[in-house]
């Protein structure tokens, strides 16, 4: 088992703690930081079953990284790193899903903060109020906009009421179809 060490631009593959300490000195790690406690910590990491990379603190904002590896040189390590990179599927932006044209009927639910007078408290309070409606719209975002417009135009809803974002969890919809 070898170790990959990186400190700023310096990086190396080493096979022992002695080589590691030599490399760290060459990379510019102050020698006073490489005391017995620090070396014991290195041995603990090397002898542990931990397979994850570990950061070692050099000073308040300086660290070096150690990774256990089976490769023998830097070129092999970098080739394996590129080969083993996981290509994550691109996340679909919720707004692009909402605005995707899909004309038809939507069963939409919106939970908004409605301003209501509370006689027991003798003041106005915000109350989570669900509003569910079936609406004909060009897209889910159009459905959301129609609901907000309707609520804002109602006389029985205080204009200080607050409406959630279409992207949030307080707005949900189900496409019912075209008919």
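Annotations for the structure displayed:
- Sorted fewest first by neighbouring Cβ atoms within 10 angstrom, 128, 9 come out as 9, 128.
- Cα centroid of the stretch 151-179 to Cα centroid of the stretch 11-31, whole Å: 61
- Relative contact order computed over the stretch 2-83 (Cα-Cα under 8 Å; 6+ residues apart), in percent: 36
- Structural descriptor for the chain: relative contact order 20 percent, calculated from alpha carbon pairs under 8 angstrom and at least 6 residues apart.
- The chain: angle of helix 36-47 to the longest principal axis, Cα-based, in degrees nearest 10: 70
- Degrees, to the nearest 10: 74-83 long Cα axis against longest axis of the chain: 20
- Look at (i) 12.4; (ii) 19.7; (iii) 21.0: the one that is mean projected area of the Cα convex hull in nm² derived from this structure is (ii).
- Percent of Cα pairs exceeding the 23 Å cut-off, where the set is the stretch 94-177: 26
- Between the Cα long axis of helix 17-27 and the first principal axis of the chain there is an angle of about 70°, rounded to the nearest 10.
Where a number appears in this text, it was derived from the coordinates with a stated rule and is not lab data. Bear in mind the structure is a predicted one, so any value in this text is a computation, not a measurement. For neighbour counting, all protein chains shown are included, and Cβ atoms are generated from backbone atoms with ideal geometry for every residue, glycine included.
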